[in-house]
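A short write-up of the structure that comes next.
Read the figures in this text as sums done on the coordinates, not as results from a lab. The model shown is predicted, which means the values in this text are computed figures rather than measured ones. As a convention, Cβ positions derive from the backbone with ideal geometry for all residues, glycine included, and neighbour counts pool all protein chains shown.
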Amino acid sequence: MRIVDLRSDTVTKPTTKMLHAMNDAETGDDGFGEDITTNRFEKIAAEKIGKEKALFVPSGVMGNVIAIMVHTKPGEGLICDKNAHINTMVSGNTAALAGITTSQIDADESGNLDIKEIETHIKLDEIICPKTTLLVYENTNNLAGGTIVTPEKSYELYKISKKYGLRVHLDGARIFNSAVAQRIDVAELTKDCDSIMFCISKGLASPVGSILAGTKEFINEARRVRKMLGGGMRQTGILASCGIISLEEMVDRLAEDHDNARFLAEGLATIDGFHIKLETVNTNIVCFTFHLPRLNCRELVETMGKKGVKAICFNKNLGRMVTHKDINRSDIIYTLEVVKKIIYP
Ligand SMILES: Cc1ncc(COP(=O)(O)O)c(C=O)c1O
């Protein structure tokens, strides 16, 4: 059966070049800071993202929680989007590991946080409230549909945070998608934050890992917290060798994923039962609501799965499809055919 896996860009397989690089990677014990390839990767990553220093971490989830732990003290509060990954998809680690309360606000239609709304949620002097010390936002905003945050908006978020002494952490799991979609250097999107996490194991096709970046002091402390969480690894050059290829060769091609996502979204939008805000399809994610009297989103996604086309359903009405390097235009055309056959039997 033909399989088209649109659940996430995390399903991407490493390229042949990555497999060779893994085989040839020069390694050492990263616990001693001696893994040559990891050191090179972290240097390249820091330069690309425009930060002083970078740290290779096993996952985006760990990168984000390390950042939160370094920027805050237990008992403090952070502000984020209600649907933020750190709030909805981390098994509660913000509370359980960092001891932080999240103050959640609704992002607007375009996935952006409103400055006034942020301001009303900042608590500095009320003794009964957790003191707000951090703002976390996503670029791209995953559950808003892969929407982009512009450099101008990033600056506004930074400016309001600094007015109240907050640190700013950017969950940039897919920051390169945002940069490619806006046709700008990624550093334009990362200059106005104190730390950034981005993933190499999503659209950039590496098998494992993320980068956390910030000032030297921040990363030195992040290295200690990574160890505390059990994320210190040894011959990581095997993985970092793929990360180098991700950064040097896999970024520009994200534009193809964005074209495919738009083609998919426009196709789905013509099918009965689908509601898609086409203006939010900025990158490689297509979020949709689906409902017909005889079929809800969960049932649709289940039926598609039986026919080899895999998507994700978040609840009875809300679903998501994500394009990536292992999906081509013919897969999208096939997906639309499969969906149409289900809806118009
Ligand atoms: C916005 C966002 N942040 C963080 C993560 C976590 O990354 P990982 O799955 O590598 O832990 C994800 C994963 O999908 C994500 O979408």
Provide the FRET efficiency to the nearest 0.05 for the L318-E152 pair, computing r from the beta carbons and using R0 = 35 Å.
0.75
Between the range 313-341 and the range 160-184, the alpha-carbon center distance in angstrom
28 Å
Have a look at G50, I160, T38 and report the one farthest towards the positive end of the charge dipole of the chain, computed about the Cα centre with Cβ charges (Lys/Arg +1, Asp/Glu -1).
T38
Would you compute, for the Cα atoms of the chain, the largest minus smallest coordinate along each principal axis and list the three values in descending order, in whole Å?
60, 55, 35
Any chance you could run the full-extension gain for M228 through D108? It's 0.36 nm times the residue separation minus the Cα-Cα distance, nm to one decimal.
39.6 nm
Within the range 257-345, which chymotrypsin sites (Phe, Trp or Tyr not before Pro) sit in a loop by DSSP and count at most 10 neighbouring Cβ atoms inside 10 Å?
none
Would you work out if the range 253-343 is rounded, prolate or oblate? Take a ≥ b ≥ c from the square roots of the eigenvalues of the alpha-carbon gyration tensor; rounded if a/c is under 1.5, else prolate when a/b is larger than b/c, oblate otherwise.
prolate
Using a 7 Å offset from Cα along Cα-Cβ at K341, what residues in the range 282-308 end up with backbone N under 12 Å from the label point?
304-308
3J(HN,Hα) from dihedral phi, the range 153-169, Karplus parametrisation 6.51/-1.76/1.60, rounded to Hz, x for glycine, proline:
5, 4, 5, 4, 5, 5, 4, 5, 5, 5, 4, 10, x, 7, 7, 10, 10
Residue-span extension gain [H291 to A269] - 0.36 nm each, minus C-alpha spacing:
6.7 nm
Non-local amide H neighbours of Q235 (under 5 Å, H modeled in plane, Pro and chain starts lacking H): which ones?
D30
Can you flag which of K116/K163; K73/K202; K53/K202 are past 20 Å Cα-Cα?
K73/K202; K53/K202
Take the alpha-carbon centre of the range 97-114, take the same for the range 39-79, and report the distance between them in whole Å.
19 Å
Scoring the range 15-249 by relative contact order with C-alpha pairs under 8 Å, at least six apart, yields a percentage of 31 percent
Hey, what did the range 253-343 get for relative contact order, percent, Cα under 8 Å, at least 6 apart?
31 percent
Computed E for I127/N220 - FRET, C-beta separation, R0 41 angstrom, nearest 0.05
0.80
Just to check I understand the Karplus step: with θ = phi - 60° and J = 6.51 cos²θ - 1.76 cosθ + 1.60, what whole-Hz values come out for the range 24-34, glycine and proline as x?
9, 4, 7, 10, x, 8, 5, x, 9, x, 10
Residue by residue through the range 206-220, which ³J(HN,Hα) values in whole Hz follow from phi under the Karplus form 6.51 cos²θ - 1.76 cosθ + 1.60 (θ = phi - 60°), with glycine and proline marked x?
5, x, 8, x, 9, 10, 10, 9, x, 6, 4, 4, 4, 6, 4
